[in-house]
Amino acid sequence: MKHYAYLLGAATLAASHLHAAELTVEVQNLTGGIHFTPLLITAHPDGSQLFEVGEMASAELQSMAEGGDIAPLAALADSLNADSVTNPAGGLLGPTATTSAMLSTADDNVRLSLVAMLLPTNDGFVALNGWKIPSEPGIYTAYLNAYDAGTEANDEIRGSGMPGQAGMPVPPPLEDLVGTGGSGVTATTTNAMIHIHPGNLGDAMPDGGNSDISNTVQRWLNPVAKVTVTVAE
């Protein structure tokens, strides 16, 4: 099995496009019923990225996508002397909520990435992956899609959220928003590569049924987030 730790081994690829920057990064949750786990926002060298669509997830990405643990990815960023902010919202970022962070980037940290798990999902996450930081001052906007890490079947039932274990983590304040007793939508992973998330299915039964997800509250359409980056003069 290949291991894709994309932030490792890329320090030598950042020789060009050097420019320090002062950034304000604002992240808005655009969904009506999905929470984002604590965010990792990182400016890192050219030639590095958190993941690649169509490839297998690294163990670090899996930890974030299945359980919301950003520490392994943050450690990879630190190994490249990336400029990072973790958990700017001080916890979960709820539906329609906004958080922001300020970054002072080093000369060679010219790419911006962010990630957070989507709750409730099995291994869904929102991401900005290796976006080129503009050299010109101004305000820039990007809309972000939800991705599926491909590491876990989307059974849509409660679980520990530990990597490699079935089921979704359900921390407060989702405890009263997620159902119980679901039998499971599926036990099969049909695409083991990172891909655009197919979305929650859910059902209308808070107790029992196939899913513990509400089909009227916790479904979404892409994009799921709006990012506004202000590059200071």
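Keeping to region 34-55, report how many residues are crowded, with 19+ Cβ neighbours inside 10 Å and either hydrophobic (A, V, I, L, M, F, W, C) or within 28 Å of residue 176 (Cβ to Cβ) (or both).
Adding up the residues that qualify gives 11.
Go through region 161-171 and count every residue that is in contact (Cβ under 8 Å) with a residue 60 or more places away in the chain and touching a Pro at 6+ places or on another chain (Cβ under 7 Å).
Matching residues across region 161-171 total 1.
Sort out which residues of region 211-226 are surrounded by 18 or more Cβ atoms within 10 Å (Cβ to Cβ) and part of a loop (DSSP other than H, G, I, E, B), and write them in order of number. Explain how you work it out, then say what you get.
Step one: filter region 211-226 for residues surrounded by 18 or more Cβ atoms within 10 Å (Cβ to Cβ), giving 211-214, 218, 220, 224-225.
Those that are surrounded by 18 or more Cβ atoms within 10 Å (Cβ to Cβ) and part of a loop (DSSP other than H, G, I, E, B): 211, 212, 213, 218, 220, 224.
Each row is one residue, and each column tells you yes or no for (1) over 16 Å from residue 33 (Cα atoms); (2) of a type in the set (Asp, Glu).
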residue	(1), (2)
155	yes, yes
164	yes, no
174	no, no
185	yes, no
199	no, no
210	yes, no
218	no, no
226	no, no
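How many residues, within region 89-113, are under 25 Å from residue 197 (Cβ atoms) and surrounded by 24 or more Cβ atoms within 10 Å (Cβ to Cβ)?
Going through region 89-113 one residue at a time, the tally reaches 4.
Under the condition of being of a type outside the set (D, E, K, R) and crowded, with 22+ Cβ neighbours inside 10 Å, which residue from region 152-168 is farthest from residue 102 (Cα to Cα)?
Per the criteria, the residue is 157.
Among the residues of region 174-185, are any farther than 23 Å from residue 92 by Cβ and loosely packed, with under 15 Cβ neighbours inside 10 Å?
yes
Do we have any residue at all in region 117-130 that's over 15 Å from the mean Cα position of the chain (by Cα), modelled with pLDDT of 95 or more, surrounded by fewer than 22 Cβ atoms within 10 Å (Cβ to Cβ) and over 11 Å from residue 65 (Cα atoms)? Give the steps one after another, and end with the answer.
Let us first name the residues in region 117-130 that are over 15 Å from the mean Cα position of the chain (by Cα), namely none.
There is no residue in region 117-130 that is over 15 Å from the mean Cα position of the chain (by Cα), modelled with pLDDT of 95 or more, surrounded by fewer than 22 Cβ atoms within 10 Å (Cβ to Cβ) and over 11 Å from residue 65 (Cα atoms).
The values are calculated or read from the model by the stated rules, or taken from the named source; none is laboratory data. On a predicted model such as this, the values are computed, not experimentally measured, just so you know. Backbone-built Cβ (ideal geometry, glycine too); neighbour counts: all protein chains shown.
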